[in-house]
Amino acid sequence: MKATVHVMLKQGVLDPQGEAVRHALGTLGFDGVEGVRQGKIIELDLTGEDRDAAHDQVTRMCEKLLANTVIESYRIEIA
Amino acid sequence: MRAAVIVFPGSNCDRDLAVAFEAFGGQKPAMVWHKDTELPAGIDIVGVPGGFSHGDYLRCGAIAAQAPITRAVADFAAKGGMVLGICNGFQVLTESGILPGALMRNAGIKFVCKPVPLDVVTTDSPFTADLEAGSQIEIPVSHHDGNYFADTEVLARLKGEDRVAFRYATDINGSMDRIAGILSENRRVLGMMPHPERAIDPLHSGTDGAAIFSSIMSSLATA
């Protein structure tokens, strides 16, 4: 089973890296890019079969380590 | 005075911090490896040094915050022990929840490395007692992720409880309220991005960091 965790800075938290990418895109001539937010994707290969249990486990991983919930939000996909 | 300095893989200011503790406290600090599960007995203050613990993987300080020794440092702090976290050490303290808030990428994206003027905000702590409130000191910074963030509630508490120790005199990294260093609720844990251990010797660019170490020593002597 594969779990994919998307970690993004929370809305309202300034993302200077996303801003820099947005600026660079403008410099390259890509018009109409209003905003860029940069995050990270973490893929986990899990041995279990139970999707709910996996979701619970990955949620705990996010709360404890994978995301810093002071500044980041996360979304989990189990496939 | 017996200090302990925590050493993570990738710490690089551990020796400088040890030199500073020894210069002011007279005793060689115990260097404590991240895999150790407890601090040596009789420690008066724990220093969490700057550097790039675990290569800054995931987030600065995130992996070090889960190290066995960090749990011991948290217990030590919870029992009223003094802890000084500098730069990456400050990041480890926020990532482990010993101090509130988070340190994000500098707003200007760039790594900032230069001596900066700091406003001394409070002298009501064992780390700042020898300083003068409202005065300015110059301490070097050297970081990529020193942009302090906390939600409005935490920020209001820090200000209301006089727990902001230092502010940058001018904005250098986007930190909320120009915060450069904060204190724990019991005022015995200080986390700061600037490096006072790099400003204690006449051969350094300045010696303004000395007052922080002398404050620590006086407070321990009178405790």
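The values are calculated or read from the model by the stated rules, or taken from the named source; none is laboratory data. Everything numeric in this text was worked out from a predicted model, so none of it was measured. As a convention, Cβ positions derive from the backbone with ideal geometry for all residues, glycine included, and neighbour counts pool all protein chains shown.
Only one entry in B:85, B:89, B:61 is surrounded by 24 or more Cβ atoms within 10 Å (Cβ to Cβ), in a strand (DSSP E or B) and under 14 Å from the mean Cα position of the chain (by Cα), namely B:85.
Which of the residues belonging to the range A:1-19 are among the polar types (S, T, N, Q) and within 9 Å of chain B (Cβ to nearest Cβ)?
First, pick out the residues of the range A:1-19 that are among the polar types (S, T, N, Q): A:4, A:11, A:17.
Result: A:17, single match.
If you check residue B:99 against the conditions, is it within 14 Å of chain A (Cβ to nearest Cβ), outside any strand (DSSP E or B) and either under 24 Å from residue B:208 (Cβ atoms) or touching a Lys or Arg at 6+ places or on another chain (Cβ under 6 Å) (or both)? Criteria met by residue B:99.
Being out of contact with any helix residue (DSSP H, G or I) (no Cβ under 9 Å at 6 or more places or on another chain), over 14 Å from residue A:5 (Cβ atoms) and either touching a residue at least 40 places away in the same chain (Cβ under 8 Å) or not in a helix (DSSP H, G or I) (or both), is that true of even one residue in the range A:52-69? No - not one qualifying residue is present in the range A:52-69. Per this entry, residue B:73 is not counted among residues that are closer than 19 Å to residue B:216 by Cβ, part of a strand (DSSP E or B) and touching a residue at least 12 places away in the same chain (Cβ under 8 Å). Among residues of the range B:147-161 that are within 11 Å of another protein chain (Cβ to nearest Cβ) and on the phi > 0 side of the Ramachandran plot, none has a beta-carbon under 6 Å from a residue that is at pLDDT 95 or above and assigned to a helix (DSSP H, G or I) at least six positions away or on a different chain. Could you check the range A:23-61 and list, in sequence order, the residues that are among the charged types (D, E, K, R) and in contact with an Asp or Glu (Cβ under 7 Å, 6 or more places away or on another chain)? Correct list: A:37 only. If you go through the range A:39-51 and keep only what is surrounded by fewer than 16 Cβ atoms within 10 Å (Cβ to Cβ) and in contact (Cβ under 8 Å) with a residue 24 or more places away in the chain, you end up with A:40, A:41, A:43, A:45, A:46, A:47, A:48, A:49, A:51. The set of residues from the range A:30-79 being out of contact with any strand residue (DSSP E or B) (no Cβ under 9 Å at 6 or more places or on another chain), within 14 Å of chain B (Cβ to nearest Cβ) and farther than 17 Å from residue B:63 by Cα comprises just one member, A:36.
Condition check ((1) among the polar types (S, T, N, Q); (2) under 20 Å from residue B:65 (Cα atoms); (3) modelled with pLDDT under 95) across all residues:
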position	(1), (2), (3)
A:2	no, no, no
A:5	no, no, no
A:12	no, no, yes
A:26	no, no, no
A:46	no, no, no
A:52	no, no, no
A:67	no, yes, no
A:73	yes, yes, no
A:78	no, no, no
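Residue count for the range A:9-43 satisfying the condition of being touching a Gly at 6+ places or on another chain (Cβ under 7 Å) and among the β-branched types (Val, Ile, Thr): 2.
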